[in-house]
Amino acid sequence: MAFAIRSSAFAQGGPIPTEFTCEGQKLSPEISWSDVPEKARALALIVDDPDAPDPDAPRRVFTHWVLYNIPPDAAGLREGATPGLLPEGTRLGLNDFGEEGWGAPCPPRGRHRYFFKLYALDEPLPDLGLPTKAELERAMQGHVLAEAELVGTYAKAH
């Protein structure tokens, strides 16, 4: 089977429930994965939105979550995975809100797509401090064994 990522909160391409957004409790959704490559020594997760600020006229990719050095034997991330509730050894990066941890979707207009990208790495990364998505991507170069992707969507009710 192929390396895969999924969520019990939403289906591939489906809507992300309100409780995981700025209109709800701002919780991170439960995420799980399967068939991690045998040679993987760490995982990294980047969640971003390529539709910011408006899906009809996107101008930037907005980053919502940056995690790295997730243990490859971890089965996933629980709902509401605050920094203290991540698998041991997991390191945080900065989202585009300028914060560590999950940045809840809060699109200013239209239905946006949120890409949950999981990477299997051949070795743990060094301590990068609080890397941005770009810094993490640079550090991962040459170390990615496999990638898996889950997409959810969200549009504000008001």
Considering only residues that are assigned to a loop (DSSP other than H, G, I, E, B) and within 17 Å of the chain's Cα centre (by Cα), which ones fall in region 126-144? Leu130, Pro131, Thr132
Looking at region 123-137, is at least one residue surrounded by 13 or more Cβ atoms within 10 Å (Cβ to Cβ), closer than 21 Å to Ile16 by Cα, among the hydrophobic types (A, V, I, L, M, F, W, C) and modelled with pLDDT of 95 or more? no
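Only one of Ala157, Ala104 is in a loop (DSSP other than H, G, I, E, B) and touching a helix residue (DSSP H, G or I) at 6+ places or on another chain (Cβ under 7 Å). Can you tell me which? Steps first, please.
Numbers: Ala157 fails: touching a helix residue (DSSP H, G or I) at 6+ places or on another chain (Cβ under 7 Å).
That would be Ala104, the only listed residue that is in a loop (DSSP other than H, G, I, E, B) and touching a helix residue (DSSP H, G or I) at 6+ places or on another chain (Cβ under 7 Å).
Return yes when Phe97 is aromatic (Phe, Trp, Tyr) and surrounded by fewer than 16 Cβ atoms within 10 Å (Cβ to Cβ) and no when it is not. Outline the logic, then answer.
Numbers: aromatic (Phe, Trp, Tyr): yes; surrounded by fewer than 16 Cβ atoms within 10 Å (Cβ to Cβ): yes.
Spelling it out, Phe97 is indeed aromatic (Phe, Trp, Tyr) and surrounded by fewer than 16 Cβ atoms within 10 Å (Cβ to Cβ).
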Kindly evaluate Pro72 against the criterion of being within 15 Å of Asp48 (Cβ to Cβ) and modelled with pLDDT of 95 or more. no
Determine which single condition Gly98 fails, assuming it passes every other condition in (1) part of a strand (DSSP E or B); (2) farther than 22 Å from Ser32 by Cα. (1)
Verdict on Ala81 being in contact with a helix residue (DSSP H, G or I) (Cβ under 7 Å, 6 or more places away or on another chain), closer than 20 Å to Glu23 by Cβ and either part of a loop (DSSP other than H, G, I, E, B) or of a type in the set (A, V, I, L, M, F, W, C) (or both): no
How many of the residues making up region 107-125 are in contact with a strand residue (DSSP E or B) (Cβ under 9 Å, 6 or more places away or on another chain) and assigned to a loop (DSSP other than H, G, I, E, B)? 8
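The values are calculated or read from the model by the stated rules, or taken from the named source; none is laboratory data. Just so you know, these numbers come straight off a predicted model, no measurement behind them. Cβ: placed from backbone, ideal geometry, glycine included. Neighbour counts: every protein chain shown.
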